[in-house]
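The values are calculated or read from the model by the stated rules, or taken from the named source; none is laboratory data. On a predicted model such as this, the values are computed, not experimentally measured, just so you know. Neighbour counts run over all protein chains shown; Cβ positions are idealised from the backbone, glycine included. Accessible surface areas use protein heavy atoms only, side chains included; no ligands, DNA or RNA. Shrake-Rupley method; radii C 1.70, N 1.55, O 1.52, S 1.80 Å.
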Amino acid sequence: MDTQTIFVRGLRIDANIGVHAHEKGRTQPLKLDAELLIADARFHPSRDRLDEVFDYQTIRAAMIEVVRDGHIHLLETLADRVASRLLAMSDVQAVRVRVHKYTAFEDVEEVGVELFRRNPA
């Protein structure tokens, strides 16, 4: 089966995230990336129209919704929730999600997590 990989990289968002006391009650800047492997059968822009392709806005909106759902303790939990939300979309076969955090340590540019999930269906 033919597939396409589409992505949203570098979504900058302030999130309520962290397990430590000093991280609660405030937001922290994160960057999120998502890559989706989708079934290619329905997505051929023969007329060069948006309704012929997988809309990037739906990916971005889903990522934002997960972050806005409330405080999350772990980057791993956030990545897993984003992956689950994206895998629930029609035609998505697999996802790769990365979460980058910039404020964990003063001497480290960023920490983060990356995961890859396949749709069992």
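Have a look at Asp2, Asp40 and point out the one that is among the acidic types (Asp, Glu), loosely packed, with under 10 Cβ neighbours inside 10 Å and free of Cβ contacts under 8 Å to residues at least 40 places away in the same chain. Lay out the reasoning, then the answer.
Details: Asp40 fails: loosely packed, with under 10 Cβ neighbours inside 10 Å.
One residue alone meets the criteria, Asp2.
Please tell me if Asp33 is free of Cβ contacts under 8 Å to residues at least 40 places away in the same chain and either more than 15 Å from the chain's Cα centre (by Cα) or open to solvent by less than 20 Å² (accessible area, probe 1.4 Å) (or both).
Numbers: free of Cβ contacts under 8 Å to residues at least 40 places away in the same chain: no; either more than 15 Å from the chain's Cα centre (by Cα) or open to solvent by less than 20 Å² (accessible area, probe 1.4 Å) (or both): yes.
Spelling it out, it is not the case that Asp33 is free of Cβ contacts under 8 Å to residues at least 40 places away in the same chain and either more than 15 Å from the chain's Cα centre (by Cα) or open to solvent by less than 20 Å² (accessible area, probe 1.4 Å) (or both).
When segment 8-30 is examined, which residues are found to be under 20 Å from the mean Cα position of the chain (by Cα) and in a loop (DSSP other than H, G, I, E, B)?
Those that are under 20 Å from the mean Cα position of the chain (by Cα) and in a loop (DSSP other than H, G, I, E, B): Asn16, Gly18, Thr27.
For segment 58-79, what are the residues that are in contact with a strand residue (DSSP E or B) (Cβ under 9 Å, 6 or more places away or on another chain), open to solvent by 70 Å² or more (accessible area, probe 1.4 Å) and assigned to a helix (DSSP H, G or I)?
Within segment 58-79, Arg60, Arg68, Glu76 qualify.
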